[in-house]
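Trainee: Provided herewith is a single structure, encoded as structure tokens, for subsequent inquiry.
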Amino acid sequence: MRLDRIVAKNRIIDLKSKDFGGAIEELLQNCPLEDDAPRKIRALKKDLRQREDSISSYLGNGVALPHSRTKLSKNYILAVGRCSSGLIHNGQHNQELRLVFLLLVSESAQDYLNTLATLARIFQNKPVIDKLIGEKTLSNFRDSVKKALAGEPVKSRYRTTRFNSVILNEAKKIAKGTDCSSILIFGDTFSSPVQPVFSFKNFSTVLVLQSDSDVVYKKDEVDSIIALRSRSETRLSQLRSAVLIGLIRGLFNVSERILCIGGIPGSNQFDTLVVVDVGNEFVQLINTQIEILPPDVSPEVLERVLGIAVDLSVEGREGRPVGALFVLGDSDVVKNFVTPLILNPFHGYKDEDRNILNPFMDETVKELASIDGAFVVQGTGVLESAGTLINVPHYKHELPGGFGSRHAAAAAISSVSDCLAITVSSSTGQVVLFREGDMIPLNRN
């Protein structure tokens, strides 16, 4: 979907209000609401404030993305407001806002959470926000908003150094000589606005980027993008994470080889070529003949859970890993083996508000990870519970040394149900997937 088409230039305005509630009302008055607009504005304003009190829409960098479902003649309406002097948010973060992006969604829209997540990624990109805030005139601001939503890159220059040219030329030879079918390029090697020109016409080219990356690339040279939430502690762990996500999405399969090209993040220079035999790297998938993705789990949900797990592993809280257990899929069977340890923090919320695909759930999940017990997640992404005890009686399974009760619970629940369990070690930060009792380390060194 072309996101630039959901906002008209006359709905991109300079805000007069100095408080969040007034800004919301200004933006609503610029939206094409059909019947009884004054009443509808009052109802939407109330709903948006209640949502804000429950889950803050603050994205960082002085940006908020309030959103609400309502009856509309079109699927989406986006209104944008800026306040050059800042306005008081008075939300959970008590931040000064410079930009407010108001998203209204039709009750019949099917891809609401994916659209919300896409907008959140755009508006969490600091170079994009800095450019929007820095525009001198309203006309230029409107043009920049439309360009950002259309996915047009920040002005950049493309160049390839002699050293990078040698690496890329050798990469083509090695990929051909080792029968690789795909090229995996780690884009965080480069920092915008410098980006090399690479062209692998006879191979599928996959670009790996950090989710908040401002790296620029030529779209006609890239077949697919893999966005990693956090940078792993080692490059090989990051590579393994990217290959696993590629397997989940169906970009790769266990019978092929991949040539990976990377370098020190931000160095603007490639220095490493690695050939990965996917079958050998993920030998568990071949030995057990299982599908890593349970039938009721969508790839986007698993990728989101993995992203949060890696965040907890790498960033954690106060610089230390936070242990966690996620049980994903087959909820009807899983519920027979779980017991709540605390009052369910997700009880009473709408499915879309407690869906892990909702970008505003990230911090909530990370905070709740400090509570003992597991997260139970539907295959659609809806969070059923947190602080949940996994109890599988008469389960016996030998685990490697150093693995404790969290890993034993993950192995057990994945053996008695068609789910996927994901653990984060609180001591080492290692992320491990369990499927049918078998373990698949994600970020092993």
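Trainee: Just to be sure, is LEU102 surrounded by 15 or more Cβ atoms within 10 Å (Cβ to Cβ) and touching a residue at least 40 places away in the same chain (Cβ under 8 Å)?
Mentor: yes
Trainee: Give the residues of the stretch 369-426 that are assigned to a loop (DSSP other than H, G, I, E, B), buried (at least 17 other Cβ atoms within 10 Å of the Cβ) and more than 23 Å from the chain's Cα centre (by Cα), sorted by residue number.
Mentor: Residues satisfying the conditions are GLY373, VAL392, PHE403, SER417, ASP418.
Trainee: Of all residues in the stretch 21-39, which are under 17 Å from ASN75 (Cα atoms), among the charged types (D, E, K, R) and touching a helix residue (DSSP H, G or I) at 6+ places or on another chain (Cβ under 9 Å)?
Mentor: GLU34
Trainee: So for the stretch 39-51 (the condition being more than 23 Å from the chain's Cα centre (by Cα), closer than 20 Å to ASN10 by Cβ and not charged (D, E, K, R)), does at least one residue qualify?
Mentor: Checked the stretch 39-51: at least one residue is more than 23 Å from the chain's Cα centre (by Cα), closer than 20 Å to ASN10 by Cβ and not charged (D, E, K, R).
Trainee: If you go through the stretch 164-185, how many residues are among the β-branched types (Val, Ile, Thr) and within 20 Å of GLY266 (Cβ to Cβ)?
Mentor: So the answer is 2.
Trainee: Looking only at residues in the stretch 314-356 that are aliphatic (A, V, I, L, M) and in a loop (DSSP other than H, G, I, E, B), which one is surrounded by the most Cβ atoms within 10 Å (Cβ to Cβ)?
Mentor: ILE356
Trainee: For the stretch 357-368, how many residues meet the condition of being out of contact with any Gly (no Cβ under 9 Å at 6 or more places or on another chain) and surrounded by fewer than 17 Cβ atoms within 10 Å (Cβ to Cβ)?
Mentor: Selection size over the stretch 357-368: 2.
Trainee: Continuing with the same structure: Looking at VAL305, VAL275, which one is in a helix (DSSP H, G or I) and modelled with pLDDT of 90 or more?
Mentor: VAL305
The values are calculated or read from the model by the stated rules, or taken from the named source; none is laboratory data. These numbers come from a predicted model, not from an experiment. Note that each Cβ is placed from the backbone with ideal geometry, even for glycine, and that neighbours are counted across all protein chains shown.
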